[in-house]
Amino acid sequence: MSAVRAWLLVDVPRSRWQARCQRFFLGWLAFRQNAGAVAGLAIVAALVAAALLAPWISGSTGVVPDLGNRLQPPGAAFWFGTDELGRDIFDRIVWGSRITLYIVGLVTVIVVPIGLAVGVVAGYVGGWLDSALMRLTDIFLAFPRLILALAFVAALGPGLENAVLAIALTAWSPYARIARAEALTLRHSDFILAARSQGIPHHRVLAGHVAPMCMSSVIVRLTLDMAGIILTAAGLGFLGLGAQPPTPEWGAMIALGRDYLLDQWWVPAFPGLAILVVSLGFNLLGDGLRDVLDPKSRS
């Protein structure tokens, strides 16, 4: 291990691969000094592990009713108790982690390319195209995200996929703003001018030079926005516009359990706690990544 560490900390890297490994290792050393960021990483890792290992760490699929065990309190048999249909709440939360990751992953796949493309093109090209794309971005920024998502879901119809699409359509605009700001500072840089002087086409300059330089800021913003994405998805599920019963989506579980809040508090409390912990984990992770990836935040 000492040899690997020495290879990673060498003063002058001998290859591009060594330089990339060294940069990642130095970033990890800075990241792990932030206790909150490490805690956030642990929470997100636990979420991923729960989603991957759901068939092995749960005793059921969380959708089959068991009326003989209705509204059982938390205990040895049912760690988080049971709901109004006798379903194990712990199992439903574990399986619901898959839905949460599905929402987060699909929204990421949609919003990052759209926001990055709009922002990079607007910032690099400028002129009337910049004005047109930014006015379109301002329209989406002017509306609260949940309200706009509700409008899209109402038009598309209730369902998990439509909810994900609605969230993605309302979440791309901040990334476009960030990418445009980065592109504006980069388009007159020496390496961009050198690439253009060599006859490299504009689309290759955008894809190969400008867009990669904007990715760190976009990744930081995306990680910090994960909590908002999860809360928006939970809000749509709570209103019955997201995942439909008996799918164990956390927001829908809170909606079904709100009638039992006073007497059987565990029915809505544990799904709400899951949303709180996961949202906190993504926020802590985002703060740590900002400290590592954003040079303006370093002292």
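Coordinate-derived values only; no laboratory data. Note that this is a predicted model, so its numbers are computed, not measured. Quick reminder, even Gly has a Cβ in these numbers, built from the backbone with ideal geometry, and neighbours come from all protein chains shown.
Brief remarks follow.
- Two-site FRET efficiency, L280 against R32, from Cβ-Cβ distance with R₀ of 25 Å, rounded to 0.05: 0.85
- Convex hull of Cα atoms in segment 85-225, direction-averaged projection (nm²): 10.5 nm²
- Relative contact order (percent, whole number), segment 234-299, Cα cutoff 8 Å, 6+ residue spacing: 20 percent
- Put the Cα centre of segment 111-149 next to the Cα centre of segment 150-193 and the gap is 7 Å.
- Degrees between helix 211-238 axis and first principal axis of the chain (Cα, 0 to 90, nearest 10): 20 degrees
- Distance between the pseudo-spin-label points of N69 and R204 (7 Å out from Cα toward the beta carbon): 6.3 nm.
- Per-bin percent of Cα-Cα distances, segment 1-155 [5 Å]: 2, 7, 8, 9, 9, 11, 12, 13, 10, 7, 6, 3, 1, 0
- Altogether, the Stokes-Einstein calculation at 20 °C and 1.002 mPa s, with the Kirkwood radius of segment 153-299 over Cα pairs as Rh, returns a diffusion coefficient of 119 µm²/s.
- Ordering 240-250, 72-82, 210-220 by mean Cβ neighbour count within 10 Å, with the highest value first, yields 240-250, 210-220, 72-82.
- Residue with peak Gaussian network fluctuation, the chain [Cα springs, cutoff 10 Å], from R145, R98, R32: R32
- Peptide packing: for 53-66, 275-288, the average count of neighbouring Cβ atoms within 10 Å per residue gives the ranking 275-288, 53-66, highest mean first.
- Taking every C-alpha pair closer than 8 Å and separated by at least 6 residues, the mean separation divided by the residue count of segment 1-155 gives a relative contact order of 13 percent.
- Based on the Stokes-Einstein relation at 25 °C and a viscosity of 0.890 mPa s, and on the Kirkwood radius from alpha carbon pairs, segment 5-93 is assigned a translational diffusion coefficient of 147 µm²/s.
- Across the alpha-carbon atoms of the chain, the computed radius of gyration and Dmax are 22.8, 76 angstrom.
- Nearest-0.05 FRET efficiency for A49 and S2, computed from C-beta distance (R0 25 Å): 0.25
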